[in-house]
Number of protein chains: 4
Amino acid sequence: MRNGLLSQLVSSPMEIKVYYEDTDCGGVVYYANYLKYFERARTQYLETRGCSIADWMQRGVIFVVVHAEAHYYSAGRYGETLRIETDVADVTRATVTFSHVVREKLSNRIVVKGSARLAATDHHGKVRRLDKTIVTALRSVPRPSEAHIPEP
Amino acid sequence: MRNGLLSQLVSSPMEIKVYYEDTDCGGVVYYANYLKYFERARTQYLETRGCSIADWMQRGVIFVVVHAEAHYYSAGRYGETLRIETDVADVTRATVTFSHVVREKLSNRIVVKGSARLAATDHHGKVRRLDKTIVTALRSVPRPSEAHIPEP
Amino acid sequence: MRNGLLSQLVSSPMEIKVYYEDTDCGGVVYYANYLKYFERARTQYLETRGCSIADWMQRGVIFVVVHAEAHYYSAGRYGETLRIETDVADVTRATVTFSHVVREKLSNRIVVKGSARLAATDHHGKVRRLDKTIVTALRSVPRPSEAHIPEP
Amino acid sequence: MRNGLLSQLVSSPMEIKVYYEDTDCGGVVYYANYLKYFERARTQYLETRGCSIADWMQRGVIFVVVHAEAHYYSAGRYGETLRIETDVADVTRATVTFSHVVREKLSNRIVVKGSARLAATDHHGKVRRLDKTIVTALRSVPRPSEAHIPEP
């Protein structure tokens, strides 16, 4: 039961509804806004693994984006729900790269594929080594909140 | 000559070009974005009077918006240039209210009228009295940069 | 059972998580972004009452914002979850006014109160009378999706 | 005289002031917003060459972004003025790639390097060949507005 639930969560992408705020006068999601979606998706990825960016900040670890990229396959439109799958594509001593696939929920058509590489820095902006607990968390399966786990 | 130049500057509104980023799928400027334009316009208003928000911050004066309002008269559209007139509508012991009129540049049609009231706070978010130099600056005529004043 | 569920839904506010994209260098949610939250909240309000803005658009009814207003009581911060309660404050022949109260979820402290008045227009931007089905839907209790209603 | 003026314009990058709206709670320009700056810069690039995206749209040529990329070198900060140099890096039968270098104006330090590849489509989203006048314009030196050209 618990395993079934977990594996379901591993593959469960984030869902994002498209509002007016996201679109432009071309009638589609403005191209920069997918990078906002990537941020939301990697935050959820981390939180479901027990990682809080806010907590890290307080312990002096600040993540900054060093590279971002997006390939636009089709247009996201007003009222659609988009599903974003997120994976850790690469981890180095000081960086982690998240990769994302955005699909329209109903049709499953691919909308955007992209990635963002983040570096860990201290409060002065100096790059620092990722500590082990972070790397372990990044590689772990998602930890569902207690609310979602039925007692056995 | 100098007077003529100054009075021209007093009335010279900020010009803002409308890009895709500003619009929504209704084909017009998204309603929240006028509050971004207001911020740009009041920043320019202050800077042409020798006031720098960044400087104030370093001296411990932080301005926070306590109220904002916009009346939408007509739609701003992609490619248009908007002109924003800014005035100080009210100054109290701890707040200043900026009022704005946004017009389409070519036709002069009114697009939006609005206002934002800002309160001065310290670094802990506690409201503090506006100091005299700020009030004086707010009430002054714009101070053109040297680059714009021809030597007599 | 069903009644209990419905009344729960009537009062259930929309939850919005605050991301980096929402904040500014003051460390708090940027003041214009609450108008984006209002849009999300009124969209949800309408959808839970069986109203789709996209459907109306196809039938030639376009809603435009004619007035928006926000009072800022406290700062929304990164990582917080905000809860937005939405009500219809007023309905006239051609306009509907939504009112919103935004609270921080854990502490229940009030963050922002605001409103947006929308007018119904046709494709040429001409104001038109709200039709009866819209008014009825606006005044109705939310219609939960089938997925949320347990079979009796 | 005229040549001098032209060459000055060729190399004149777009200047963008950083406002609160552009920053995030990390105290720096939010990473997605550089893609907004790219849009402003390529629009200016085109307009100074006599190309209007709005005009093309009316003639049935719509440009959509098919790829975008940004390398973040240093942080852009509130109150800074950024300068964006724009070049056409590549032109194919149906696409044009703009490349951008963003520098902080005073220090000349590199902030971001990036690019966006746009494809020409018709109103149905079908890719179409770039017509010759567009390609010629893209490759041309900027055409200063009459206001800027002193009569010989």
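What the table shows:
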{"read-out": "Net charge dipole size for chain B [Lys, Arg +1 and Asp, Glu -1 on Cβ; Debye, nearest 20]", "value": "440"}
{"read-out": "Shortest-first nm distances, C:HIS123 label point to equivalent points in other copies (7 Å, Cα→Cβ)", "value": "1.1, 5.9, 5.9"}
{"read-out": "Chain D: most fluctuating residue of D:HIS100, D:HIS124, D:HIS67 per GNM, C-alpha cutoff 10 Å", "value": "D:HIS124"}
{"read-out": "Alpha carbon Rg of region C:2-144, scaled by the compact-globule rule 2.2 N^0.38 Å", "value": "1.10"}
{"read-out": "Cut-off under 5 Å, modelled amide H: who pairs with D:ARG128 long-range", "value": "D:ALA120, D:THR121, D:ASP122"}
{"read-out": "Amide H contacts of D:GLY50 (H built 1.01 Å from N, under 5 Å, at least 5 apart or other chain)", "value": "D:ARG143"}
{"read-out": "Likely footprinting exposure, A:PHE98, D:PHE38, fewest C-beta neighbours within 10 Å first", "value": "A:PHE98, D:PHE38"}
{"read-out": "Label point 7 Å beyond Cα along the C-beta direction, distances from D:TYR73 to other copies (nm, shortest first)", "value": "3.4, 4.5, 4.7"}
{"read-out": "Cβ charges +1 (Lys, Arg) and -1 (Asp, Glu), total dipole of the protein assembly as shown, debye", "value": "0"}
{"read-out": "Tail beyond 21 Å, pair distance distribution of region A:24-102 (Cα, percent)", "value": "35"}
{"read-out": "The protein assembly as shown - Rg (one decimal) and Dmax (whole number), Cα, Å", "value": "25.0, 88"}
{"read-out": "Residue order, fewest to most surrounding Cβ atoms within 10 angstrom, among D:LEU130, D:LEU118, B:LEU35", "value": "D:LEU130, D:LEU118, B:LEU35"}
{"read-out": "Cβ-vector label at 7 Å, A:ALA89, separations to other copies in nm", "value": "1.5, 4.6, 4.8"}
{"read-out": "Sequence-separation-based contact order of region A:33-152, relative, with Cα cut under 8 Å and 6+ spacing, percent", "value": "30"}
{"read-out": "All lysines inside 16 Å of D:LYS113 as judged from Cα atoms, apart from same-chain residues fewer than 8 positions distant", "value": "D:LYS36, D:LYS105"}
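Computed from the coordinates by the stated procedures, all read-outs in this text should not be read as laboratory data. All of these numbers come straight from a predicted model, not from anything done at the bench. Using ideal geometry, Cβ is built from the backbone for each residue, glycine included, and neighbour counts are taken over all protein chains shown.
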